[in-house]
1. Considering only residues of the range 190-221 that are in a loop (DSSP other than H, G, I, E, B) and on the phi > 0 side of the Ramachandran plot, which is surrounded by the fewest Cβ atoms within 10 Å (Cβ to Cβ)?
2. What single numbered condition from (1) part of a helix (DSSP H, G or I); (2) within 20 Å of ASP43 (Cα to Cα) fails to hold for SER268?
3. Going through the range 112-140 one residue at a time, which ones are over 20 Å from the mean Cα position of the chain (by Cα), touching a residue at least 40 places away in the same chain (Cβ under 8 Å) and part of a helix (DSSP H, G or I)?
4. So which residues in the range 102-131 are open to solvent by 10 Å² or more (accessible area, probe 1.4 Å) and either at positive phi or not charged (D, E, K, R) (or both), if there are any at all?
5. Looking at the range 161-181, I want the residues that are among the aliphatic types (A, V, I, L, M) and have a partner that is open to solvent by 60 Å² or more (accessible area, probe 1.4 Å) with Cβ atoms under 8 Å, at least 6 apart or on another chain. Which pairs are those?
Amino acid sequence: MTRIGTSDLDVFPLALGGNVFGWTADRDASFEILDAFHGGSGDFIDTADSYSAWVPGHEGGESETIIGEWLASRGLRNDEGVTIATKVSQHPQFRGLAASNVRAAAEASLTRLGLDRIDLYYAHFDDPDTPLEETVAAFGALVADGLVRYTAVSNYSADRVREWVRIARELGVAEPVAIQPHYNLVHRETENDIVPVAEELGLSLVPYFALAKGFLTGKYRSTDATDGGHTSPRAEGAAKYATPQGLQILEVLERVADAHGVSVASASLAWLRAKPTVAAPIASASKVTHVPDLLDGATTDLTADEVAALDEVSEWTPLDM
């Protein structure tokens, strides 16, 4: 288990991403995936109120609804073996982070999830049109009123994270305990700014795109965005990483994975778990057969030499400070 920031949330060191529920995984497949993850000791589930509003005919909230139905059907509630994280600001009906919107969106998420409170509630994207003081106070009020246990931020700049924490301390309200950034072996820019601020403020990272949209599973090695001759959302997302450096990263990952008897995906997740401030990478599974690799990624510990070898092959140039 791993502790998230300064909270008392002790979770499995990998979060199951709910972005695919109701999209590339229908209700039945989603239930199978959730059962397999929970059956393998997985207890940390990440979603957002906007998932999957991008699908034609969807309006947002589909993922939360499926998770809520699964929780109810399995007799699971808060403090009963699951930690639920969700987000606000991108749902078509609840855009932005104005105080009234944050409250209404949280209540709608609780209804869909069938829960009394949200364990970890993220501001999904920064809202430049709303004063940060208003948003911080709104999140603090949700904690004070018992609708949310802990707050967090996603896709915020380091400066805005510092500002959020400063305001929270001035107001005497709950401070965030986690940051959710884009971070993986082929996207390490987070190390330049977000990792230092997390270390400074005692926050945990819960990175998304941990498998680089599928590229770090090792399945996609071509810039041709097809999967078995057919285009797929996963292949399209992974294709851009099939650069000479990206393919070299996969070669080293294969050697590391073979040494541990796990998949390339598992080794990728294990590398990310080994990085400073990372509590639990987020990875999704559109098929139940993908779940064992995620579970292995949460329980495989790389050696210092293996981490260093992957650091070297994925080396990047930090931005000028």
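The values are calculated or read from the model by the stated rules, or taken from the named source; none is laboratory data. Fair warning: this is a prediction, and the values are worked out from it, not measured in the lab. We place every Cβ from the backbone using ideal geometry, glycine too, and count neighbours over all the protein chains shown. Note: accessible area is taken over every heavy atom of the protein model, side chains too, but ligands, DNA and RNA are not part of it. Shrake-Rupley method; radii C 1.70, N 1.55, O 1.52, S 1.80 Å.
1. Our first condition is that a residue be in a loop (DSSP other than H, G, I, E, B); within the range 190-221, this holds for 202-203, 206-207, 209-211, 218-221.
From the residues that got through so far, the ones that are on the phi > 0 side of the Ramachandran plot too are 202, 209, 218.
Values: GLY202: 12, PHE209: 21, GLY218: 19.
Top of the filtered list is GLY202.
2. (2)
3. Of everything in the range 112-140, just one residue is over 20 Å from the mean Cα position of the chain (by Cα), touching a residue at least 40 places away in the same chain (Cβ under 8 Å) and part of a helix (DSSP H, G or I), namely ALA138.
4. If we filter the range 102-131 for residues that are open to solvent by 10 Å² or more (accessible area, probe 1.4 Å), which is where we start, we get 103-104, 107-108, 110-112, 114-117, 124-131.
Scanning the range 102-131 gives ALA104, ALA108, LEU110, THR111, GLY114, LEU115, HIS124, PHE125, PRO128, THR130, PRO131.
5. Close Cβ pairs satisfying both conditions: VAL165/GLU175; ILE167/GLU133; ALA168/GLU175; LEU171/GLU133; VAL173/ALA144; ALA174/ALA144; VAL177/THR6.
Per-residue answers, yes or no, for (1) open to solvent by less than 10 Å² (accessible area, probe 1.4 Å); (2) in contact with a Leu (Cβ under 9 Å, 6 or more places away or on another chain); (3) within 17 Å of PRO207 (Cα to Cα); (4) at pLDDT 95 or above:
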| site | (1), (2), (3), (4) |
| --- | --- |
| SER266 | yes, yes, yes, yes |
| VAL278 | no, yes, yes, yes |
| ILE282 | no, yes, yes, yes |
| VAL288 | no, no, no, yes |
| ASP305 | no, no, no, yes |
